[in-house]
Structure formats: structure tokens, C-alpha cells
Amino acid sequence: MVKAIKLHQNGGPEVLKWEDHDPGLPGPGEVRIRNHAVGLNYIDVYHRTGLYPLPALPAIPGMEGAGVVEAVGEGVNTVAEGDRIAYASLPTGAYAQVHLLPADRLVKIPADISFETAAGMMLKGMTARYLIRGCYPVSASDTILIHAASGGVGSIVCQWAKHIGATVIGTVGSSQKAELARSNGCDYPILYSQEDFVQKVREITAGNGVDVVYDSVGQATFMQSLDCLRPLGTMVSFGQSSGSVTPFDLGLLSAKGSLFLTRPSLMTYTQTHQDLVAHAADLFDVVQQGAVSIRIGQTYELAEAASAHRDLEGRKTTGSTILIP
């Protein structure tokens, strides 16, 4: 019997239980995957707490991983037994040694990319891809602000935007994280605990503001992020690690300079298999070029998922975190 982390009720990290699991055989259109590495993401916390409710409990959390195809169901012709694959999508179930996924949610991993690297970059890397190429197409003339610049998504956004030629401003929580962000191409790391990041952004941009803000923090930074934008700038709210954004009067967007606001999700941007493959191909390309390096900051045994969640929520992690089944 294989093992998995199961969630029988919503709550703190302690509700994550290491238990026996029978994934069954793949049905039509499905693939059975032996996971070699699993990615940890903040959306896993949202699923665990119930902020983003799962369809039913008990459930196995996790949306990102990499492994080998063990078996394919009827009608599957995009992958075959023995293929090295990666994924970052619903339905959940990645926190398992073996699990089933629809074949159209899988992409093949290039030979020169390891399982660990793939598991540490698929969700975060494809998120970075839609942020800087979908929500707001970043160009060399742009100045961007990315919150949590030393985190998994932030590290990739910094590198990718710098590769494009943009000026990158990022907020971080410590001097160590500032150095990490700088090494990833962040031109101006700002320690939000010591400096007013709105004032600092205005100084850096000579009062003009940035072209786009990428904010995964949510409640604690949202309003100030709006104040960092130039007129007609774009606010991309793609997470809420500090809590949900408080409802506000949309007239503020007009008052602050006819701003644009979007709340995107990777699931929408990769809804079709064609879009999924395009996002993954762009990500693989910049990684294989060496323009983006995927830093695995922490590794845990999958059975220790609760500890990994505590460290993630406690802001003790940097870069990507992977769980080994």
C-alpha cells in the first residue's frame, strides 16, 4: 500500500495526516503517476485551512509534482508509460506517492531538467509566466514591483523580468532575503519592516510610480500597492498570504490614476491543454537558457508536510520548497 498526506478536516498544519492510500487504476483519459518530487505552494495552505474549499473531505492536498507515468487509461495518447512528466493543476492529490490525474493536465519534462527542479518550478514558474506575459506584458522599458521578492514566485519573476530588461523593485522581510532577491536580479530590494515601501518606490521612480505591481500578500499591502502605481498602471493581486483583501470602493481606482486591477489564476491561464503546454514551454526555455535558475531552498520528506506548512506560513522559507515521497 502506498502512502499519502490526507486532510480529514480543515485547520492548522496538524490536520495533515500520513496515511495509507489506494489510488486505484487510471480510468478513461487518466494517467497514474509515481511521484518523485512534490511542490509546496501557498495555495496548499488555503486548501488546508478551507479558505479555498476543496470539493469534499477527506482529501489529498497538493497541486504540483513531477514523476513517471506508471499506467495510462483508455484514450490517452499524449503520454505513455515510462514518460517523465510534471504537472501543476487541479484536481489536488499531489501529496501522495502515487496518484491519478487527467492526461491533458500533464507536460513532458525535458531530459536536462530533474524531477526536483520540475516539481519546484511548475506552479510558481507558470504563474510567473502569466504574470509577466499575460496580466501585464513586461518590456525592457518597464519598472515593476514584486512583493515577496525572495519567495518561490518572486525569485522567478525577478530573474525573468531582468532577463527581459525591466527594472525590478522588490519587497523582502530581512537583509538575508534582500541579498537573495538582489542575486536574482532585483535592482532595488526594500525591507518592508524597516522602510515605507511606498515612499521608497516613489524615490526610486522619481515620483512617477511603477508600471505594474505583483502582489501575493493581500490585505497587508494591497492599498499601499495601489499608491505605488503610475497613472494607468496595473495592479495584479494574485495571492493573500496576509489575509483576504478588504472590500473597497472601485472609485479608488479612478481617484488614484485610472488604474487597472486584475485577480488572475493559473487555472484560467492554463485552462486548455494548448495553453498549458505553451506556458510550460516558455518556462522550460528560460530555465534551459540559464536565464532563470530554480533555487530549491528547502526539502522535506512528504511525511513531514506539516512541518513544511509551518515554515512556509512562518516566512522561514526562501525560493522553492519540495517534498520527497
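Yes/no matrix, rows are residues, columns are (1) modelled with pLDDT of 95 or more; (2) farther than 20 Å from Phe260 by Cα:
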residue: Leu106; (1), (2): yes, yes
residue: Ala118; (1), (2): yes, yes
residue: Met126; (1), (2): yes, yes
residue: Thr143; (1), (2): yes, no
residue: His147; (1), (2): yes, no
residue: Val153; (1), (2): no, yes
residue: Trp160; (1), (2): yes, yes
residue: Gly165; (1), (2): yes, yes
residue: Thr171; (1), (2): yes, yes
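Within segment 238-268, can you find the residues that are charged (D, E, K, R) and within 16 Å of Ser225 (Cβ to Cβ)?
Lys256, Arg263
Filter segment 269-287 for residues that are assigned to a loop (DSSP other than H, G, I, E, B) and surrounded by fewer than 22 Cβ atoms within 10 Å (Cβ to Cβ); which is nearest to the chain's Cα centre (by Cα)?
Gln271
Do we have Ser183 as touching a residue at least 60 places away in the same chain (Cβ under 8 Å), of a type outside the set (A, V, I, L, M) and within 18 Å of Ile296 (Cβ to Cβ) here?
It is false that Ser183 is touching a residue at least 60 places away in the same chain (Cβ under 8 Å), of a type outside the set (A, V, I, L, M) and within 18 Å of Ile296 (Cβ to Cβ).
From the list Ala118, Ala111, Ala149, pick out the single residue that is in the same structural domain as Thr234 (by TED's automatic domain parsing) and of a type in the set (Gly, Ala, Ser). I'd like the intermediate steps shown before the answer.
Values: Ala118 fails: in the same structural domain as Thr234 (by TED's automatic domain parsing); Ala111 fails: in the same structural domain as Thr234 (by TED's automatic domain parsing).
Every option except Ala149 fails the conditions.
Considering every residue within segment 138-157, establish whether at least one is closer than 16 Å to Gln289 by Cα, crowded, with 24+ Cβ neighbours inside 10 Å and in contact with a strand residue (DSSP E or B) (Cβ under 8 Å, 6 or more places away or on another chain).
Among the residues of segment 138-157, at least one is closer than 16 Å to Gln289 by Cα, crowded, with 24+ Cβ neighbours inside 10 Å and in contact with a strand residue (DSSP E or B) (Cβ under 8 Å, 6 or more places away or on another chain), which makes the answer yes.
When you go through (1) closer than 18 Å to Leu40 by Cβ; (2) of a type in the set (A, V, I, L, M, F, W, C); (3) without any contact (Cβ under 8 Å) to a residue 60 or more places away in the chain; (4) outside any loop (DSSP other than H, G, I, E, B) one by one for Ala86, which number turns out not to apply?
(3)
Take Leu90 and decide whether it is at pLDDT below 95 and surrounded by fewer than 14 Cβ atoms within 10 Å (Cβ to Cβ).
no
Kindly provide the set of residues from segment 288-325 that are hydrophobic (A, V, I, L, M, F, W, C) and either touching a strand residue (DSSP E or B) at 6+ places or on another chain (Cβ under 7 Å) or crowded, with 22+ Cβ neighbours inside 10 Å (or both), ordered by number.
Correct list: Val292, Ile294, Ile296, Leu302, Ala303, Ala305, Ala306, Ala308, Leu312, Ile322, Leu323, Ile324.
Which residue is farthest from Ala181 (Cα to Cα), if the candidates are limited to segment 288-310 and must be in a strand (DSSP E or B) and polar (S, T, N, Q)? Working first, answer last.
Initial filter on segment 288-310 (in a strand (DSSP E or B)): 296-301.
Subsequent filtering for residues that are polar (S, T, N, Q) retains 298-299.
On the way: Gln298: 16, Thr299: 20 Å.
Step by step, filter segment 288-310, then rank; the result is Thr299.
Checking Ala119 against (1) crowded, with 20+ Cβ neighbours inside 10 Å; (2) over 29 Å from Gln176 (Cβ atoms), only one condition comes out false. Which one?
(2)
So which residues in segment 53-87 are among the aliphatic types (A, V, I, L, M), under 20 Å from His309 (Cβ atoms) and surrounded by fewer than 24 Cβ atoms within 10 Å (Cβ to Cβ), if there are any at all?
Leu54, Leu57, Ala59, Ile60
For residues that are farther than 25 Å from Ala103 by Cβ and touching a strand residue (DSSP E or B) at 6+ places or on another chain (Cβ under 9 Å), scanning just segment 8-43, find the one that is surrounded by the fewest Cβ atoms within 10 Å (Cβ to Cβ).
Within segment 8-43, the match that is surrounded by the fewest Cβ atoms within 10 Å (Cβ to Cβ) is Asp20.
Pull up segment 211-228, narrow it to residues that are hydrophobic (A, V, I, L, M, F, W, C) and surrounded by fewer than 24 Cβ atoms within 10 Å (Cβ to Cβ), then point me to the one that is modelled with the lowest pLDDT.
Within segment 211-228, the match that is modelled with the lowest pLDDT is Ala220.
For segment 98-121, what are the residues that are assigned to a helix (DSSP H, G or I) and farther than 13 Å from Ile294 by Cβ?
Listed by number, the residues that qualify are Ala103, Asp104, Arg105.
The values are calculated or read from the model by the stated rules, or taken from the named source; none is laboratory data. On a predicted model such as this, the values are computed, not experimentally measured, just so you know. FYI the Cβ positions are ideal-geometry reconstructions off the backbone, even for glycines, and counts take in every protein chain you see.
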